[in-house]
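Structure, as structure tokens:
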């Protein structure tokens, strides 16, 4: 069999050796077979079927194996993105060896003199390989002895010491990356969480500066390994109620100055590889790899949820991310996948509670992440035990405690500090005074949302914030009683017309989000329906005999649950409706519908649905107590509160919500804001709203091993 040379390489098919400048290059198995087949067919297109047939010899494999083999060969040969000097792709067909190839003498004959380092004899190559393997064996023996000694040492874990607060502006914040000198993060320019921008502050704290050269609404997803560029994505994707399935454009921002440049890639999250040559990205429910300029390389995996918070391990072998799943993506867990492809799997398969926001230390020895348990997020660390199959698996250790919630732990590049967000969460309930045209504090002492009053106006139920527990109280805030279990998220409670029961949507970590009913004075929870199909919002009929149940998005329809026969049935013609509210006379249901979340009316007799306004991005429709108006919020004009008269459909703008301040999204990636955003009506039809009066700040902590 002849030998082949191309560029600085020599390929020997019989000896199964690849040399670069006379030195062996590790390439074995099917990678070698693939390269040899392409070289032997130099200048000719080799289609995918031929490659699979010749190299894998009919084995049942996926085309992804071939794609991965070509990717690995390009790395071995030094092919760069969009500059494939050796292996060219013919889209949809196959591959072609593009470099000039010279065919040399058969094996066993000297190719040329020893003076040419490429053209050496196979005998010389084999002698060098023998010495190489002896050296490798000696190194492995020494490494094993060192490893055994290392395994005998007790596992050490970090401990946080000096903690310093770096910012003090009280604004909502999201994302967190650092170059070791500065910290880059995102914050909204307006109180209603719109127009997010990228800011920077020194790693020691101080004055905050915006980065005006960065495109508005862009946030820093990651920083390049050489710390010269920011990888930017659209912030409001992470704040929107349904934005997870809408990937947006990614950009690169040089930190030395100059305008950002657009990438050939759309994603809801992305991060750089350890060597900066590739980008891992999440698009919808798909993980993929792209080259540095954003040109897609290949898909890594399809996921059972939506990924965010992608981070590549320092050794380049794996990628971890936060997977959001369940109804409204309210559940989250840290998952892992090999960077070369494979099956994605949860990092802590037996854990309850939400997890996310993970990041390795630069040396890869520790993995910091946050965990939300019973509504409170704290920072944990996982020591990374390597190499030993018999060593005990390290357990995560909790690092922070206390009332302050901690998110997004980010080690500094020197590995000496841990940066993170600290958040004190509380809401202030507000009631609009029409005479003074101002929002005034309401029910002081209660931090919550989703208020619903009894018909006589004497009692109220609500979901507390940030715990999202179900409570009921007297209308003046006294006689409070907790009605839900401590590990349950309880949302959207509504009091029955007779005031004896409360229906709500809720779920415990890892369990389906369901509709429950509980007695007004407590007792056992009654499960109405387990909502694998996505039903989350209940509303009582005026006679209290049934509930109308709505989905979270337009992917389903409205359902009616009758208590008499305990039957759940779909309302005919209600497809694409959600967020239902039953009219006081029992004849109509107000709901949201497509396109663009407009306000609709569904007639229970005719089963017809009609748009009552053309306002878009409507939220929280509420009937006036006399049924003459429907009040609603709209995202246009930076958020405002309206009402529409049902008899003539006249719309009246009541007040701007821009100055009220919606609840800010947590700095944790991927927390849906629909849990927090709320506006409603008091018993006298006065407008109610919530304002976040907590704060989100950046903290720095030194850490030591113990």
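Structure notes:
- Scanning the stretch 341-371 for residues that are under 20 Å from residue 227 (Cβ atoms) and in a loop (DSSP other than H, G, I, E, B) yields 361, 362, 363, 364.
- Selection from the stretch 423-438 of residues that are crowded, with 20+ Cβ neighbours inside 10 Å and at pLDDT 90 or above: 429, 430, 432
- Scanning the stretch 243-259 for residues that are assigned to a strand (DSSP E or B) and modelled with pLDDT under 80 turns up nothing.
- Whichever residue in the stretch 296-310 is under 11 Å from the mean Cα position of the chain (by Cα) and part of a strand (DSSP E or B) and, among such residues, is farthest from residue 364 (Cα to Cα): 306
- For residue 666, the stated conditions do not hold, so it cannot be described as assigned by TED's automatic domain parsing to the domain that holds residue 465, over 30 Å from residue 458 (Cβ atoms) and modelled with pLDDT of 90 or more.
- Where strands (runs of 3 or more DSSP E) fall wholly inside the stretch 489-572, the ranges with 2 or more residues that are modelled with pLDDT of 90 or more, surrounded by 15 or more Cβ atoms within 10 Å (Cβ to Cβ) and under 33 Å from the mean Cα position of the chain (by Cα) are 489-495, 501-507, 514-519, 535-540, 546-551.
- In this structure, residue 617 qualifies as surrounded by fewer than 17 Cβ atoms within 10 Å (Cβ to Cβ), in contact with a strand residue (DSSP E or B) (Cβ under 8 Å, 6 or more places away or on another chain) and free of Cβ contacts under 8 Å to residues at least 60 places away in the same chain.
- Flag if residue 309 is out of contact with any strand residue (DSSP E or B) (no Cβ under 8 Å at 6 or more places or on another chain) and not assigned by TED's automatic domain parsing to the domain that holds residue 488: no
The values are calculated or read from the model by the stated rules, or taken from the named source; none is laboratory data. Note that this is a predicted model, so its numbers are computed, not measured. All Cβ positions, even for glycine, are placed from backbone atoms using ideal geometry, and neighbour counts span all protein chains on display.
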